[in-house]
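The values are calculated or read from the model by the stated rules, or taken from the named source; none is laboratory data. Just so it is clear, the model here is predicted, and its values are computed rather than measured. Cβ: placed from backbone, ideal geometry, glycine included. Neighbour counts: every protein chain shown. Heavy atoms of the whole protein, side chains included, go into the accessibility calculation; ligands, DNA and RNA do not. Shrake-Rupley method; radii C 1.70, N 1.55, O 1.52, S 1.80 Å.
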Amino acid sequence: MHYEDFYRRSIDERDAFWAEQAGAIDWETPPQVICDDSRPPFARWFVGGRTNLCHNAVDRHLAERAGQNALIHVSSETGQERVYSYAELHAEVVRCAAVLESLGVGLGDRVLIYMPMVPEAVFAMLACVRLGAIHSVVFGGFASTSLASRIDDAKPSVVVAADAGSRAGKVLPYKPLLDEAIRLARHAPRHVVLVDRGLAPAPRVDGRDLDYAALCEAQAGKDVPCVWVDATHPSYTLYTSGTTGRPKGVQRDTGGYAVALAASMRHIFCGQAGETFFSTSDIGWVVGHSYIVYGPLLAGMATILYEGLPIRPDPGIWWQLVERYRVTAMFSAPTAVRVLKKQDPSFLTRHDLSSLRALFLAGEPLDEPTARWIGDALGKPVVDNYWQTETGWPVLTLARGLDPRPGKPGSPGVPMYGYDVKLLHEVTGEELTEPHQKGVLAIAGPLPPGCMQTVWGDDARFVDTYWRSFPGRLAYNTFDWGIRDEDGYFFILGRTDDVINVAGHRLGTREIEECIAGHPAVAEVAVVGVADTLKGQAAMAFAVLRDAAAAADAAGRQRLEADLQQHVDARLGAVARPAAVTFVTALPKTRSGKLLRRAIQALCEGRDPGDLTTIEDPSTLRQIQDALAAR
Ligand code: ATP
Ligand code: MG
């Protein structure tokens, strides 16, 4: 079947289509109603069906692949490496479920997981869904205030944490951050279960804090069966990255998510049982939920859980793992590839990469130079995919299992089955159907299986935030700009709040960034619009150079700035020329690697940078502040 037909059917014969896809997972009771969309914009998928995510990810594989690799944990931080077969993973998850159950965790209870990339984090996630409890993974090492706000939002009865994480060989004690967060929070978790990695002292609070290993011993030999839950039962909550403001607590269901992920493993990632998937993300992000933990395991694959940087002990570490575990599909982010791009490319080719079929990238715009560089270096297809925490799986990409069409540079591809993607006029909400018309990327409801059900505990915020942008039309707003070309390929032009208006010309920051990133001296760049009395707004660029020495003195900086301005003039026209180019050694990003343009913009305009709970390195903002002051 042609992809076009497959796609059309997913929209025109929605229920029949998804009923078929639902056959990919095990049901205790099959669904009676495929989609209940009687209360838009809410959608309830596979109503009447009962299933369990842990059963589908782990237990169901025991019959055929008990001895096969399931979870491969590698830490280049501690030097640990451990492979769990499906049988071993099952035993660990049952033990963890027994521990949680002994602490009173049951159906619908929340468990907050604040952990580094260690196997126990995956055990805890799977143990929660085994019991019908709802996990809320918070990126390990988040500051106390961000953790406290998530504790208050999720109101967990139990927190599972570790003594410490480790980054670039430096131990990051988590326990003091957690203790402070619990002190700040209004809600008090009953228990903290602590996984002791022996990395940092972690004094326990009497009665509240318990040692995971000791609890496991006490539960040895106990069987904990999967609790069958309604397909619509929440499996987890997870926050968006906080790039544009206060993070939103995304609530995901069980049945729809399982079906969507199983389908995506088949049609998009082409993962076969017995193969190995390597996603370099973190379990604190949606990519980690969908494509480190649930997706690969649902497909009966082995999945790699990697703790460490891509460049330690050397920039070949990822590719060494590809060789060692015969990785067939890899999933990463452009920001990580840009880190590798600054290193010696020979590290990529020292290893046998023959098992690898494709590299998937998502999370932010994939600029052409970065895509070309990694594609050439690997000699493998690079597949961009566009999605959001909210959607849980790709919205735009090329479904490699069904669609032989080649990719186009700069485009993540075409709408995935199930997503009725539209381009809408930002003001009137009118649908834009001509090629190359720029509009807001929107999705006509209901959202397909696997997407967010609502904002946790706040249905009104779900409706108001996402569904009320367009007059007279109930459509999901992605808050990203897009265009579609004559072949139906989409291009993401940036976020709707990342548009600069220079003397009446509307420019996407992404366009200017991509242009500047094409200059050989530049490793990375951020462009923001700054209030300008004359022109309304002016573009300001902040660039990281491949060779910082080029901007070591004032003369060098001036030369490069003029050179980059000319570079933009020549390619996009003088209207897009940045009024100033400032050189820095790093850009402010969220922990998931997204540029915090709004924070840079705020500093440029002398405003407070706003919610910074997800920032990776606050010193990057100080650097910008200092550079601005020095200008
Ligand atoms: P918040 O919603 O809290 O501001 P966020 O939008 O960064 O944070 P995520 O859900 O992690 O949170 O990111 C989704 C966004 O990332 C998309 O809306 C889009 O802006 C961007 N994005 C993801 N993948 C791509 C891609 N392949 N190409 C371009 N942009 C992408
Ligand atoms: Mg977002």
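Ranked highest first by the average count of other Cβ atoms within 10 Å around their residues, in what order do 314-325, 594-605, 571-582 fall?
594-605, 314-325, 571-582
I'd like the distance separating the alpha-carbon centroids of segment 207-274 and segment 286-310, in whole Å.
Segment 207-274 and segment 286-310 have Cα centres spaced 12 Å from each other.
Quick one: of the DSSP bridges fully inside segment 503-630, what percent are antiparallel, nearest 5?
Taking every DSSP beta bridge with both residues in segment 503-630, the antiparallel ones total about 70 percent.
Using 0.36 nm times the number of residues separating residue 38 and residue 5, minus their current alpha carbon distance, what extension gain do you get?
9.2 nm
Quick one: grab the alpha carbon gyration tensor of segment 485-612, order the square roots of its eigenvalues as a ≥ b ≥ c, and give me rounded if a/c is under 1.5, else prolate or oblate depending on whether a/b is larger than b/c.
Cα axes put segment 485-612 in the rounded bin.
So, taking all protein chains as they sit and a 1.4 Å probe, how much accessible area belongs to residue 481, in Å² rounded to tens?
Spelled out: residue 481, probe radius 1.4 Å, area about 10 Å².
Leaving out ligands, DNA and RNA, what percent of the accessible area of segment 503-630 is carbon and sulfur, probe 1.4 Å? Write down the numbers at each step before the final one.
Details: 2820 of 5690 Å².
Heavy-atom surface of segment 503-630 belonging to carbon and sulfur, 1.4 Å probe: 50 percent.
Evaluate E = 1/(1 + (r/R0)^6) for residue 626 and residue 464, where r is the Cβ-Cβ distance and R0 equals 45 Å; express this FRET efficiency to the nearest 0.05.
Approximately 0.70, to the nearest 0.05.
Return the FRET efficiency for the residue pair residue 354, residue 586: r is the Cβ-Cβ distance, R0 is 35 Å, and the value is rounded to the nearest 0.05.
Calculated value: 0.50.
When you count, for each residue, the other Cβ atoms within 10 Å and take the mean per peptide, how do 273-283, 363-373 rank with the highest first?
Highest to lowest by the protection proxy: 273-283, 363-373.
Could you work out how far the C-alpha centroid of segment 446-524 sits from that of segment 370-437, in angstrom?
13 Å
What whole number of Å gives the distance from the Cα centroid of segment 1-58 to the Cα centroid of segment 94-133?
26 Å
From Cα pairs below 8 angstrom and at least 6 apart in sequence, can you work out the relative contact order of segment 503-630, rounded to a whole percent?
With pairs under 8 Å counted, the relative contact order is 22 percent.
Hey, what's the chain come to in accessible area per residue, 1.4 Å probe, Å²?
For the chain, the solvent-accessible area averages 37 Å² per residue.
For segment 190-349, give the percent of accessible area contributed by carbon and sulfur heavy atoms, probe 1.4 Å, rounded to a whole number.
Looking at segment 190-349 in its full context, I get 51 percent from C and S.
Under unit Cβ charges (Lys, Arg +1; Asp, Glu -1), what dipole magnitude, rounded to 20 debye, does segment 503-630 have relative to its Cα centre?
It comes to approximately 240 debye.
Cα atoms only: what Rg and Dmax, in Å, come out for the chain?
In order Rg, Dmax, the Cα atoms of the chain give 24.0, 74 Å.
For residue 347, what accessible surface area do you get with a 1.4 Å probe? Give it in Å², rounded to 10.
Ignoring ligands and nucleic acids, residue 347 comes out at about 40 Å².
From the square roots a ≥ b ≥ c of the eigenvalues of the alpha-carbon gyration tensor of segment 92-186, which class results: rounded (a/c under 1.5), prolate (a/b over b/c), or oblate? Spell out each step's value before the answer.
Numbers: a/c = 2.35, a/b = 1.30, b/c = 1.81.
Oblate shape, in that a/c is at least 1.5 and b/c is the bigger or equal ratio.
For an R0 of 56 angstrom, estimate the FRET efficiency from the Cβ-Cβ distance between residue 436 and residue 217 and round to the nearest 0.05.
E between residue 436 and residue 217, to the nearest 0.05, is 0.30.
Per-residue accessible area for residue 451 at 1.4 Å probe radius, Å² rounded to 10?
10 Å²
Where both partners of a DSSP beta bridge lie in the chain, what percent of those bridges are antiparallel, to the nearest 5?
The answer is about 60 percent antiparallel.
Starting from 0.36 nm per residue, how many nanometres of slack lie between residue 563 and residue 546 once their C-alpha separation is accounted for?
4.6 nm
222 nm [θ] for the chain, helices only, -39500 (n - 2.57) per DSSP H run of 4+, per residue, to 500?
-8500 deg cm²/dmol, from helical runs alone.
Label points 7 Å out from Cα along the Cβ direction at residue 570 and residue 428: separation in nm?
Rounded to a tenth, the inter-label distance reads 4.0 nm.
Mind ranking 290, 469 by accessible surface for me, highest first, 1.4 Å probe?
So, going from the largest accessible area down, we get 469, 290.
Which lysines, on any chain, are close to residue 408 with Cα under 16 Å apart, when same-chain ones fewer than 8 places away are left out?
Excluding near neighbours in sequence, the set is 380.
Order the peptides 455-462, 493-500 from the highest to the lowest mean number of other Cβ atoms within 10 Å of their residues.
In descending order of packing, they fall as 493-500, 455-462.
Note down the magnitude of the dipole of the chain about its Cα centre, charges +1 on Lys and Arg C-beta and -1 on Asp and Glu C-beta and zero elsewhere, to the nearest 20 debye.
720 debye
Distance cut-off 29 Å, Cα to Cα: go down the list 170/594; 222/248; 341/594 and report the pairs above it.
Violating the 29 Å Cα-Cα cut-off are 222/248.
Per 0.36 nm of contour for each residue apart, how much would the distance between residue 172 and residue 12 grow if the chain were fully extended, relative to their Cα-Cα spacing?
Between residue 172 and residue 12, full extension yields an extra 52.5 nm.
Relative contact order of the chain, please, whole-number percent, based on alpha carbon pairs below 8 angstrom and at least 6 residues apart.
Relative contact order of the chain: 11 percent.
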